[in-house]
Amino acid sequence: MPTVEMERRQVVVIGAGPSGAIAAALLKRKGHDVLMIERQHFPRFSIGESLLSHCLDFVEEAGMLEAVNAAGFQLKNGAAFAWGDQYSAFDFGETFSNGKPTTFQVQRADFDKLLADQAELQGVDVRYGEAIVSVDFSLAKPQLDVLREDGSQYRVEADFVLDASGYGRVLPRLLDLEAPSNFPVRQAVFTHIEDRIDSPAFEREKILITTHPTQRDIWFWTIPFSNGRCSVGVVAAAEHFEGRTENLDDCLRGFITETPSLAGVLNNAVWDTPARTIGGYSANVKTLHGPGFALLGNAAEFLDPVFSSGVTIAMRSASMAAGVLHRQLQGESVDWQTEFAEPLKRGVDTFRCYVEGWYAGTFQDVIFYQGGTEDIRRMISSILAGYAWDERNPFVSEAKRRLRMISDLCARDAT
């Protein structure tokens, strides 16, 4: 048998997206040997372009905030919601959690490359164009078989593996960890445009989330960038696409035409980029960790794009996992379930509560409610800014009860 090329590393991170770059940099800053393997070449396209404020806490922790601040991304100070003639805006400078007051809206190709480059500048060994084709976690130390683009292979033995592969979900696939999501199958159709928005009411420093006038479970994102372009997309359950054209550009613009407030905002747009689609993206796993591995971000679970929670969950999981793994590599006894999986899940479940409430219409009622107190708006703004783990916030610690209570209040006032 031919000799297998063998390499020994302390930590292998699969995927160089935001969670991988943050985790790798944090571990390298603690003095650990880190290899990050990425299947694609950067820059590469990705959605998830409107960052929440909480993201920058982890960017700062990883020593990358100065570079991100200097990159010229579109400043974001909150989120705006539109439905018919109703409009409601939330300011991230006015939150219960007193987190970072601003963040950025980014073209992910540039943002992800910047973070990966920053990790590499800090000493992380980054390899592009390489794919994990098989794994063995039954040995004393995990082993990964890696395929290079030239067809050659090598094997890496590591003390620990962090899977930050996003939608690739490398370890869930290879270790049979996939689990069905309890969310309905939804599809997104999206593109980038030269927006030429001249509406004085439009705030470039906020993401605009627009609800379809008659089908409240259909919504649109409009994410302005600093270069005069926008990301625009529609999200709907599979049945709402039935009977529509299979031409994605016409499909997207058809949905927008049905939504006059958004059509007016985009009236001057130049539609210069073919639309794309992604469907059935909600995902879950049987476990977030096992002997020798942990799952980060979308490799573990993806809910829905409505509140831009994906990158926040990814970065939060990276920071938490890096902290636990650092102590484990130092020889301490750690419990991945109670120190990583369970606390991470609490924030994910908070987001889940409001995502479910959005599609049920109850959270939309709260968003557009004009009679709420400033304190309540600040608590909701905290969640929209990503601080879904701040259990001092009653809308986090008692998410379901509080949402039910305030949506009932909105319904009573409406009658």
Of all residues in the range 153-170 being under 23 Å from the mean Cα position of the chain (by Cα) and more than 16 Å from SER317 (Cα to Cα), the one that is surrounded by the fewest Cβ atoms within 10 Å (Cβ to Cβ): GLY168
Unique residue being in contact with a strand residue (DSSP E or B) (Cβ under 8 Å, 6 or more places away or on another chain), crowded, with 17+ Cβ neighbours inside 10 Å and either in a helix (DSSP H, G or I) or in contact (Cβ under 8 Å) with a residue 60 or more places away in the chain (or both) when the list is ILE278, ILE380: ILE380
The range 281-310, residues that are modelled with pLDDT of 80 or more, of a type in the set (Gly, Ala, Ser) and not in a loop (DSSP other than H, G, I, E, B): GLY290, ALA294, GLY297, SER309, GLY310
Failed condition for THR338, given (1) of a type outside the set (Lys, Arg); (2) assigned to a helix (DSSP H, G or I); (3) touching a residue at least 24 places away in the same chain (Cβ under 8 Å): (3)
Elements of type helices (runs of 4 or more DSSP H) in the range 44-126, at least 2 residues being buried (at least 19 other Cβ atoms within 10 Å of the Cβ), outside the structural domain of CYS230 (by TED's automatic domain parsing) and in contact with a helix residue (DSSP H, G or I) (Cβ under 9 Å, 6 or more places away or on another chain): 53-61, 108-121
Residue match in the range 222-231 (condition: more than 24 Å from GLY72 (Cβ to Cβ) and out of contact with any helix residue (DSSP H, G or I) (no Cβ under 7 Å at 6 or more places or on another chain)): no
Residue within the range 255-270 that is more than 30 Å from GLN337 (Cα to Cα), surrounded by fewer than 16 Cβ atoms within 10 Å (Cβ to Cβ) and touching an Asp or Glu at 6+ places or on another chain (Cβ under 6 Å) present: yes
Flag if THR222 is modelled with pLDDT of 95 or more, buried (at least 22 other Cβ atoms within 10 Å of the Cβ) and more than 19 Å from LEU51 (Cα to Cα): no
Extreme residue, farthest from PHE307 (Cα to Cα), among residues of the range 228-245 that are touching a residue at least 12 places away in the same chain (Cβ under 8 Å) and loosely packed, with under 15 Cβ neighbours inside 10 Å: GLY228
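The values are calculated or read from the model by the stated rules, or taken from the named source; none is laboratory data. Nothing here was measured: the structure is a model prediction, and the numbers come from that model. Positions of Cβ are generated from backbone atoms using ideal geometry, with glycine treated the same way; all protein chains shown enter the neighbour counts.
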